[in-house]
């Protein structure tokens, strides 16, 4: 793994570490049911905080133009909200992790006054900072 891809997983690793500590503590007290619940909650937390919940990763739009490009970072609540609200339509967009792609992070900062605000969504070449999910859904539905 490169340093860039490791950065995308740090939050998931932290959730895994905290979950492990909680499970060990519960097992040490003989609380098997609570330990099981902690394992399930931790698994959900790791999945949500990892880059795995985002479909089709790709390069910045300069390299491969798409009608809808979503710049995100793992663990971002707004990005997760957008991803969840798009459902299966999310596969139609190009998803770019700004922690794994320094060029993408620079692009996001360039269109957000120097801030790496995500989600930044490029709809037909026009960047939108944290747009309403309905706006992105409509753009994806227009896509062939």
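Sort 107, 71, 78 so the one with the fewest other Cβ atoms within 10 Å of its own Cβ comes first. Provide the component values of the computation, followed by the final result.
Details: 107 22, 71 28, 78 15.
Least to most surrounded, the residues fall as 78, 107, 71.
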Among 19, 120, 135, which comes first, then next, by fewest other beta-carbon atoms within 10 Å? 135, 19, 120
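Subtract the Cα-Cα distance of residue 111 and residue 88 from 0.36 nm times their separation in residues, and report this length gain in nm to one decimal. Could the numbers behind the result be given before it?
Values: separation 23, 0.36 × 23 = 8.28 nm, distance 2.76 nm.
My answer for the length gained is 5.5 nm.
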Residues 32, 82, 16 arranged by fewest to most Cβ contacts within 10 Å: 32, 16, 82
Kirkwood hydrodynamic radius of the stretch 55-142, Cα pairs, Å: 12.5
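Tell me the relative contact order for the stretch 55-142 as a rounded percent, counting alpha carbon contacts under 8 Å between residues six or more apart. Walk me through the numbers before you get to the answer.
On the way: 139 pairs, mean separation 31.3, N = 88.
Answer for the stretch 55-142 is 36 percent.
All of the numbers you see were taken from the coordinates with simple rules; none came from a lab. Note that the coordinates shown come from a computational prediction; the quantities given were computed from them, not determined experimentally. Methodologically, a virtual Cβ is constructed for each residue, glycine included, from the backbone with ideal geometry; neighbour enumeration extends over all protein chains shown.
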